[in-house]
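One structure is given below, encoded as structure tokens.
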Amino acid sequence: MIRTPTFHRIAAFALAFVLAAAAGSAAAQSARPALRASVTVQGDLVRIGDLVANAGPVANVAIFRAPDLGTTGAVPTDRIVNAIRPYQLIDIDTRGVAEVSVTRASRTIALNDISDRIAEALSRQYGLGEPRHIGLTFDRPVRTMQVEAEAAGELRVLALNYDARSNRFDITLDLPSSPILHRQPPRFTGTAIETVDVIAVDRPVERGEVLQAADLTTLRRPKAQTGGIIEPAAAIGLAARHPLRPGQPLAATDLVKPEIVARNETVTLIYQAPGITLTLRGQAQEPGALGDTVGVLNVQTKRVVQGVISGPGKVTVAAATLHLAAAAAAPPAKP
């Protein structure tokens, strides 16, 4: 069969009509109001358009109050449908959703942010040292604050009082960009004490143990109560004078130079004089650390001499001592 040009035009028109109808049907389907499974709202009201996509002219109609700032609530689907029904929005595709999760957007102001702002104010206005060295204790538990998501800027001080005798503070803060916080500025009371970092051991240490860097930690203590070691270098390499326990600041009196010579230990006795060095065997009469003066028995002369511990198992006798020892050993002169 031979097709004429007119037949071809009719067939093309029919095909175009079918395709257009299909596209229109798909567009209509995609434009159908559909329930969202979860939403985030900025303000204190939840609108139809927040809950339903393609809500059309009624999208801006508010039907529920939003949850508190920074919190999430769930609204059952049937309750949403009932609330929307008076506004003639029909044929909503619920997509099998049983409830819609609604979150109120917010900006979180954490406890650390609050504490840092108070410490900065006390440092600047009352000279309590660096903010990081100010220890705060609040009269009541302090929780994070939630403000509007769009609220920008830092907390400001509306009022601040501090009594140096009692260490008590009373401060009121504000965030001008937050209507909620600006309407009811938060007030905090408590005590503020200037502190310093002190050194302590982080594990039990027995008497005589030599401290290494890994054995030490830092504690924060009121400045008025400290008199201990504040730098790790002042403790590293020293030995415990008595048992040490974690949580207790180290004092200089808690540490001694480590003993490198023990009582009755056999040592090398070194006599030094200009141009001459003699080494003998000796016996330490007492324990000691590097640089300590101890008595050593010269096993040859059976005399006890005083020397300085110059290394592990070594005691050095100075030239003056050598001369005195020689003079004592010399026979008396004949008349």
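The values are calculated or read from the model by the stated rules, or taken from the named source; none is laboratory data. Just so it is clear, the structure is predicted and the values come from calculations on it, not from any experiment. Cβ placement follows ideal geometry from the backbone for every residue including glycine, while neighbour counts extend to all protein chains displayed.
Key figures for this structure:
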read-out	value
Residues of the range 89-110 that turn out to be more than 28 Å from ALA149 (Cα to Cα) and crowded, with 19+ Cβ neighbours inside 10 Å, as a count	2
Flag for THR279 being surrounded by fewer than 13 Cβ atoms within 10 Å (Cβ to Cβ) and either part of a helix (DSSP H, G or I) or acidic (Asp, Glu) (or both)	no
Subset of the range 235-276 (residues that are surrounded by 17 or more Cβ atoms within 10 Å (Cβ to Cβ) and among the hydroxyl-bearing types (Ser, Thr, Tyr))	TYR271
All positions within the range 233-261 that are assigned to a loop (DSSP other than H, G, I, E, B) and either at pLDDT 95 or above or not small (Gly, Ala, Ser) (or both)	ILE236, LEU238, ARG241, HIS242, PRO243, ARG245, PRO246, GLN248, PRO249, LEU250, LYS257, PRO258
Members of the range 160-210 that are part of a loop (DSSP other than H, G, I, E, B) and under 16 Å from SER123 (Cβ atoms)	ALA164, ASN167
So LEU45, is it under 25 Å from ALA149 (Cα atoms) and free of Cβ contacts under 8 Å to residues at least 24 places away in the same chain	yes
Hits in the range 197-226 - residues which are of a type in the set (Val, Ile, Thr), surrounded by fewer than 18 Cβ atoms within 10 Å (Cβ to Cβ) and touching a residue at least 24 places away in the same chain (Cβ under 8 Å)	VAL210, THR217, THR226
Members of the range 107-145 found to be among the charged types (D, E, K, R) and in a strand (DSSP E or B), listed by number	ARG107
Test: residue in the range 220-232 that is in contact with a helix residue (DSSP H, G or I) (Cβ under 8 Å, 6 or more places away or on another chain), small (Gly, Ala, Ser) and in a strand (DSSP E or B)	no
Selected residue (only one of ILE193, ILE229 is out of contact with any Lys or Arg (no Cβ under 7 Å at 6 or more places or on another chain), closer than 30 Å to VAL261 by Cα and surrounded by 15 or more Cβ atoms within 10 Å (Cβ to Cβ))	ILE229
Qualifying positions in the range 93-126 - touching a residue at least 12 places away in the same chain (Cβ under 8 Å) and over 33 Å from the mean Cα position of the chain (by Cα)	ASP93, THR94, ARG95, VAL97, ALA98, GLU99, VAL100, SER101
Every residue from the range 63-106 that is of a type outside the set (Ser, Thr, Tyr), in a loop (DSSP other than H, G, I, E, B) and under 19 Å from GLY43 (Cα atoms)	ALA66, PRO67, ASP68, LEU69, GLY70, ALA105
Close pairs (7 angstrom Cβ cut-off, 6 or more residues apart or separate chains): assigned by TED's automatic domain parsing to the domain that holds ASP113 in the range 127-138, of a type in the set (A, V, I, L, M, F, W, C) and assigned to a helix (DSSP H, G or I) anywhere	LEU128/LEU122; PRO131/ALA119; ILE134/ALA119; ILE134/LEU122; LEU136/ILE118; LEU136/ALA119
Test: residue in the range 128-139 that is crowded, with 16+ Cβ neighbours inside 10 Å, aliphatic (A, V, I, L, M), under 23 Å from the mean Cα position of the chain (by Cα) and more than 24 Å from ARG220 (Cα to Cα)	no
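This table checks each residue for (1) in contact with a Leu (Cβ under 6 Å, 6 or more places away or on another chain); (2) modelled with pLDDT of 95 or more; (3) surrounded by fewer than 17 Cβ atoms within 10 Å (Cβ to Cβ); (4) basic (Lys, Arg).
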site: LEU45; (1), (2), (3), (4): no, yes, yes, no
site: ILE48; (1), (2), (3), (4): no, yes, no, no
site: LEU51; (1), (2), (3), (4): no, yes, no, no
site: GLY70; (1), (2), (3), (4): no, no, yes, no
site: VAL81; (1), (2), (3), (4): no, no, yes, no
